[in-house]
Amino acid sequence: MPATLRTKRASKPRSIIESSVRDAYGDPSKVTPELIDRYYELTLREGNRLALFERLKQAPSGEAPQDIPKVKAPTLIVWGGRDSVVPPANAERFHADIAGSQVAMFEDLGHVPQEEDPARTVAAVKKFLGVD
């Protein structure tokens with residue numbers, strides 16, 4: 001059986017992808033059929049699911065919190081206030097743990113603020129970098 005057919009059969013049902021994308025957005029009305037198609041097609045791409053599982057095995061959630069205060073680089077924490085995947089309270093925890101960090105909290109955005117409103121998130125990054 002060709003690899004593309006095996007990959008397609010092993011992919012998640014489109015309805016699960018659609019639900020996940022809607023949950024990731026602060027404003028689900030911004031989720032278009034084209035956006036769902038893009039996410040769905042990414043699940044079909046050879047190697048993507050395996051790569052995700054491998055990444056998750058490398059850094060299980062909550063491991064090594066003692067390392068966060070070791071970050072010394074200038075840090076901008078970009079977060080969506082409606083993030084249902086990783087609670088917004090984590091942004092404040094990172095901010096407290098990373099000396100000199102700044103938080104750009106977008107109260108109306110979800111888990112992927114940079115995707116949901118690229119113009120606003122880029123503006124925050126430019127301001128942080130001093131290039132606005």
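The values are calculated or read from the model by the stated rules, or taken from the named source; none is laboratory data. Fair warning: this is a prediction, and the values are worked out from it, not measured in the lab. Don't worry about glycine lacking a Cβ; one is built from the backbone with ideal geometry, like all the others, and counts go over all protein chains shown.
In segment 36-87, which residues are touching a Phe, Trp or Tyr at 6+ places or on another chain (Cβ under 9 Å) and closer than 26 Å to G26 by Cα?
First, pick out the residues of segment 36-87 that are touching a Phe, Trp or Tyr at 6+ places or on another chain (Cβ under 9 Å): 68, 71, 74-82, 86.
Within segment 36-87, T75, L76, I77, V78, W79, G80, G81, R82, V86 meet the criteria.
Check A73, A89, A119, A96 and return the single one that is over 24 Å from I17 (Cβ atoms), outside the structural domain of D23 (by TED's automatic domain parsing), small (G, A, S) and surrounded by 11 or more Cβ atoms within 10 Å (Cβ to Cβ).
On the way: A73 fails: surrounded by 11 or more Cβ atoms within 10 Å (Cβ to Cβ); A89 fails: surrounded by 11 or more Cβ atoms within 10 Å (Cβ to Cβ); A119 fails: surrounded by 11 or more Cβ atoms within 10 Å (Cβ to Cβ).
On inspection, the qualifying residue turns out to be A96.
Being in a loop (DSSP other than H, G, I, E, B), at pLDDT 90 or above and not aliphatic (A, V, I, L, M) is the filter here; which residues of segment 46-95 pass it?
Once the filter is applied, which keeps residues that are in a loop (DSSP other than H, G, I, E, B), at pLDDT 90 or above and not aliphatic (A, V, I, L, M), segment 46-95 yields E46, G47, K72, P74, T75, G81, R82, D83, S84, P87, P88.
Just to verify a result, which residue in segment 103-132, among those that are charged (D, E, K, R) and assigned to a loop (DSSP other than H, G, I, E, B), is farthest from N90 (Cα to Cα)?
D132
Suppose the filter is among the basic types (K, R) and more than 14 Å from the chain's Cα centre (by Cα); does R49 pass it? Give the derivation first.
Details: among the basic types (K, R): yes; more than 14 Å from the chain's Cα centre (by Cα): yes.
Here the answer is yes, as R49 does meet what is asked.
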